[in-house]
Amino acid sequence: MTILNAKNLTLDEVHRLFNFQKQYDGSFTSLLSLEPITELEQQEIIQTRSELENHLTSAAASEGQVKLVAVGPLLRLAGFYRYPLQVVVEEGIARLAVTDEDTTVTGRLDIVAINKARLSPENVPFWVLVIESKNSSISPSMGLPQLLTYAYRSLEYQESVWGLATNGELYRFVYIQAGNPPTYQLLPFLSLTDSESSIRLLQVLKAIVFLENNL
């Protein structure tokens with residue numbers, strides 16, 4: 001049996017192993033209801049941006065710094081730390097057996113937000129948002145193969161899940177849906193270091209929380 005680590009997979013390999021199909025022309029407003037943010041939230045965004053830029057002035061921020069300085073504060077501000085949502089860090093995924101191939105995929109996802117109040121018939125918590133973080137010098141797109149692999153596990157128990165690949169500065173949301181074949185829709189890049197884009201970033205995160213809390 002061949003054992004593969006998700007972090008070493010290419011996007012082509014993920015397409016072949018899990019039969020993912022890419023969809024185009026994704027837009028936030030077609031999937032989410034984006035609401036204005038408050039003045040206090042804008043100030044929080046400015047502070048988070050400033051703290052990230054402070055870490056980027058002398059060297060690239062590591063994956064750990066990206067999580068602590070950028071991703072963590074954004075999740076808190078958007079409401080991911082409030083019940084019924086819960087954030088889990090560095091969680092190993094159950095081994096994925098690839099259909100029709102003598103292959104197993106292993107891995108450890110960076111961050112996953114779950115809804116503790118929603119359970120599948122097998123009592124598995126629903127995944128709300130799967131996050132793959134990278135060093136600030138690496139494009140978020142490099143995390144897409146891992147992100148899709150981890151999300152594929154959740155599609156055994158639910159119809160869709162949001163994904164997010166980031167290097168702290170740039171953020172790429174992905175809407176992933178179960179089906180035959182499973183599909184993923186890439187949304188436009190957002191930047192924490194751009195004033196207008198950072199507001200949209202928080203709006204998207206808050207909209208995902210709102211949607212999950214009102215299902």
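Structure notes:
- Note on the chain: helix-only mean residue ellipticity at 222 nm, from DSSP H runs of 4+ residues weighted -39500 (n - 2.57) and normalised by residue number, equals -9500 deg cm²/dmol.
- Our estimate of slack between D12 and R82, defined as 0.36 nm per intervening residue step minus the Cα-Cα distance, is 21.5 nm.
- Percent breakdown of C-alpha pair distances by 5 Å bin, ordered from the shortest bin, for region 1-122: 2, 8, 12, 13, 16, 18, 16, 9, 4, 2, 0, 0
- Normalised contact order of region 2-213, rounded percent, pairs of Cα under 8 Å and 6 or more residues apart: 26 percent
- Gyration tensor verdict on region 62-177 (Cα atoms; rounded if a/c is under 1.5, prolate if a/b is larger than b/c, oblate otherwise): oblate
- 21 Å Cα-Cα threshold exceeded, pairs from K22/K206; K22/K67; K116/K206; K7/K134; K67/K206: K22/K206; K22/K67
- Rounded to 5, the percent of DSSP beta bridges in the chain classed as antiparallel: 70 percent
- Calculated Rg and Dmax of region 105-158 using C-alpha coordinates, Å: 12.5, 42
- Extension gain (nm, one decimal) between D194 and D102, 0.36 nm per residue minus Cα-Cα: 28.5 nm
- Efficiency of FRET between E51 and N19 - r from beta-carbon atoms, R0 45 angstrom, step 0.05: 0.65
- Three semi-axes of the equivalent ellipsoid, region 2-213, Cα gyration tensor, whole Å, largest first: 28, 20, 16
- Against the chain, whose longest principal axis comes from its Cα atoms, helix 144-154 is set at around 70 degrees.
- For region 2-213, the residue among Y24, L34, F80 whose Cα projects farthest onto the positive side of the dipole built from Cβ charges is F80.
- Its Cα centre serving as origin, the chain has a Cβ charge dipole (Lys and Arg +1, Asp and Glu -1) of approximately 240 debye.
- For S160, nonlocal amide neighbours, meaning residues 5 or more places apart or on other chains whose placed amide H falls under 5 Å from its own, are A178.
- Computed FRET value (nearest 0.05) for T183 with S33, which takes r as the C-beta separation and R₀ as 30 Å: 0.85
Every number in this text was worked out from the coordinates using simple rules, so none of it is lab data. This structure is a prediction, so every number in the text was calculated from the model and none was measured. Heads up, the Cβs are rebuilt from the backbone with ideal geometry, glycines too, and the neighbour counts pull from every protein chain shown.
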